[in-house]
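Below: one structure, written as structure tokens.
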Amino acid sequence: MTNLLNYIRTIDGFPKEGISFKDITTLAKEHAPFKESCDKIIQYFKDKKITKVAAIEARGYVWGGAIAYQLGAGFVLIRKPGKLPAETLKESYELEYGTDTIEMHKDAIEKGDNVLLFDDLLATGGTAKAAVNLIEKAGGDIKGIAFVIELTGSLHGRDKLDGYDVFSLLDIPVEE
């Protein structure tokens, strides 16, 4: 078993001063740890009867597509506004410096779909909670939410996802 944390690169001051960015591209580029990270998520959710895996752009797509394929599920893209060509559902959420919005095709999730939501990193939980709201608005049943990294400590992102099955491969403590 690989120590996946060894494949995470930290870049201080990105995207702005005071942030220590956790870069997962160094994990994705190596076959064995990338495969292991996908396999662990698949193993955790394999008995949940997942029919759709929804992933948040852009790094979420790297794992989300592979996970959907292995679970025999469809794949749903959640994107920033104006990037999807058909009719969309929208959800706005608060950031520490304002608001943002994500979208999903209106017909991407059908009533009764069992959905696994995937994103690369859980920090404050705002994006993930907005994605949960989109999926539920479309009639999907959230069977779990998975992340490669969860920043624990002062950010409390998991609190916004209370009541859902949240699975993270790596917990990295942070302080504000």
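Kindly provide the set of residues from segment 77-118 that are crowded, with 20+ Cβ neighbours inside 10 Å and part of a loop (DSSP other than H, G, I, E, B), ordered by number.
A108, I109, D113
Mind telling me which of the residues I50, I42 ends up being touching a Lys or Arg at 6+ places or on another chain (Cβ under 9 Å), surrounded by 18 or more Cβ atoms within 10 Å (Cβ to Cβ) and aliphatic (A, V, I, L, M)?
None of the other options fit; the residue is I50.
Please work out if G82 is on the phi > 0 side of the Ramachandran plot and over 17 Å from the mean Cα position of the chain (by Cα).
yes
Just the residues that are of a type outside the set (D, E) and assigned to a loop (DSSP other than H, G, I, E, B), please, taken from segment 56-75.
A58, G72, A73
What are the pairs, 6+ residues apart or on separate chains, where a residue within segment 3-18 that is within 17 Å of D120 (Cβ to Cβ) has its Cβ under 9 Å from a residue that is of a type in the set (A, V, I, L, M, F, W, C) and assigned to a loop (DSSP other than H, G, I, E, B)?
Y7/I24; I8/I24; R9/I24; I11/I19
Of all residues in segment 133-168 being closer than 21 Å to F21 by Cα and free of Cβ contacts under 8 Å to residues at least 24 places away in the same chain, which is surrounded by the most Cβ atoms within 10 Å (Cβ to Cβ)?
T152
Could you tell me whether any residue of segment 11-20 is at pLDDT 95 or above, polar (S, T, N, Q) and either under 25 Å from G144 (Cα atoms) or surrounded by fewer than 20 Cβ atoms within 10 Å (Cβ to Cβ) (or both)?
no
Would you point out which residue out of I8, I24, I56 is out of contact with any Phe, Trp or Tyr (no Cβ under 9 Å at 6 or more places or on another chain) and surrounded by 14 or more Cβ atoms within 10 Å (Cβ to Cβ)?
On inspection, the qualifying residue turns out to be I8.
Please indicate, with yes or no, whether at least one residue in segment 90-111 is under 18 Å from F45 (Cβ atoms) and either among the aromatic types (F, W, Y) or out of contact with any His (no Cβ under 8 Å at 6 or more places or on another chain) (or both).
Among the residues of segment 90-111, at least one is under 18 Å from F45 (Cβ atoms) and either among the aromatic types (F, W, Y) or out of contact with any His (no Cβ under 8 Å at 6 or more places or on another chain) (or both), which makes the answer yes.
What residue, of L134, L121, L155, is assigned to a strand (DSSP E or B) and not polar (S, T, N, Q)?
Only one candidate passes the filter, namely L121.
Taking segment 85-117 on its own, how many of its residues are under 15 Å from A55 (Cα atoms), β-branched (V, I, T) and over 16 Å from the mean Cα position of the chain (by Cα)?
So the count comes out to 1.
Which is out of contact with any Gly (no Cβ under 7 Å at 6 or more places or on another chain) and without any contact (Cβ under 8 Å) to a residue 24 or more places away in the chain, of A73, A32, A58?
A58
Need the failing condition index for G72 against (1) of a type outside the set (F, W, Y); (2) within 22 Å of I145 (Cβ to Cβ); (3) at pLDDT below 95; (4) exposed (fewer than 12 other Cβ atoms within 10 Å of the Cβ), just the number.
Only one criterion in (1) of a type outside the set (F, W, Y); (2) within 22 Å of I145 (Cβ to Cβ); (3) at pLDDT below 95; (4) exposed (fewer than 12 other Cβ atoms within 10 Å of the Cβ) is unmet by G72, namely (3).
The values are calculated or read from the model by the stated rules, or taken from the named source; none is laboratory data. These numbers were taken from a predicted model, which means no experiment stands behind them. Cβ coordinates were reconstructed from backbone atoms using ideal geometry, including for glycine residues, and neighbour counts include every protein chain displayed.
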